[in-house]
Amino acid sequence: MALIHCQFFSEVLTLSTSMTVILPQQTTNQIGMINTAFREKHPTLYLLHGFSDDDTIWTRRTSIERYVAELGIAVIMPQVHHSFYTDMKYGNKYWTFLTEELPVLARSFFPLSEKREDNFVAGLSMGGYGAFKWALRRPDQLCAAASLSGALNMATHGKNVADERMKNVFKLIYGDREIAGSEDDLLSLLERGNLADDPKPLLYQCCGTEDFLYEDNIVFKEHCEKTGYELTTDFGTGSHEWGYWDNKIQDVLKWLPL
């Protein structure tokens, strides 16, 4: 595998930013590793970070590079700060960056497949929210999305948060507008997606039963059942920590329709 720390300029964000990239490489002599590259343009997993982290965190806290080596897929890990993958009221347009600019730029830099069936997204916590929002709002771009301990009920979560710092963050992101019923509300997106004729991305959801976001994940699961949206779930012992995510990202990779 090739591990690349890529600094570049974003026209959407009007600033220099970064992404961490893993690219497939066919090797035969690397001790302890089986590396595979199947084709010229690689299937791609966009892997999203959580609230307190950045584009390097998945490679620092998990063995993601080793896990994808045999799969022949590229991994694109962007940097979005505290944006919740949203076009912020008082800040930058991170939703536009993620869904419009990033794929085009990444494909101009690296040999990545443009085909919907070759593109996937996954993320943890804030990134789980971003992954499902991307899949539900732009089903034409992705064929599968996975949330690990995702913040999946933002309409309620944003209102009920007690920490003053987080209240200020949500104020910067959403301003005074109501999240419920908007395009930033995953529950509302499920209802709209169920009525649309667009192809529906596969969804995978996992969350530990000791996680502070567990109840929000149950609400999302029940809403999928209510709307008839197909969802693969994995609930079991676990909390909001990297040991859980390092384990579960391996299950996500096995689930992906490669």
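Any read-out appearing in this document is the output of simple, stated calculations on the displayed coordinates, not a laboratory observation. Note that this is a predicted model, so its numbers are computed, not measured. All Cβ positions, glycine included, derive from the backbone under ideal geometry; neighbour counts span all protein chains shown.
Helix 164-174 and the longest principal axis of the Cα set of the chain meet at an angle near 80°. Within the straight-line cut-off of under 19 Å between alpha carbons, the lysines reachable from Lys200 are Lys115, Lys133, Lys221, Lys226, sequence neighbours fewer than 8 places apart in one chain being disregarded. Loop-resident trypsin sites (Lys or Arg not before Pro) (DSSP state other than H, G, I, E or B) in segment 3-110 with no more than 15 further Cβ atoms inside 10 Å of their Cβ: Arg39, Lys41, Lys89. For segment 151-258, GluC sites (Glu not before Pro) are listed when DSSP marks them as loop and at most 13 other Cβ atoms sit within 10 Å of their Cβ; the list is Glu178, Glu210, Glu230, Glu241. Once you sort the root eigenvalues of the Cα gyration tensor of segment 1-115 as a ≥ b ≥ c, which label holds: rounded (a/c under 1.5), prolate (a/b larger than b/c) or oblate (the other case)? Cα axes put segment 1-115 in the prolate bin.
Taking a sphere under 11 Å around the Cβ of Arg192 and counting the other residues whose Cβ falls inside, with K and R at +1 and D and E at -1, yields a net charge of -3. When the Cα convex hull of segment 156-216 is projected onto planes of every orientation, the mean area is 5.5 nm². Setting aside same-chain residues fewer than 8 positions from Lys167, which lysines have a Cα under 16 Å from its Cα? Partners found: Lys89, Lys159.
Computed about the Cα centre, the dipole magnitude for the chain is approximately 380 debye when only Lys and Arg (+1) and Asp and Glu (-1) carry charge, each at its Cβ.
Computed with the Debye formula from one identical point scatterer per Cα of the chain, without solvent, the log10 of I(q)/I(0) at q = 0.11 Å⁻¹ comes to -0.56.
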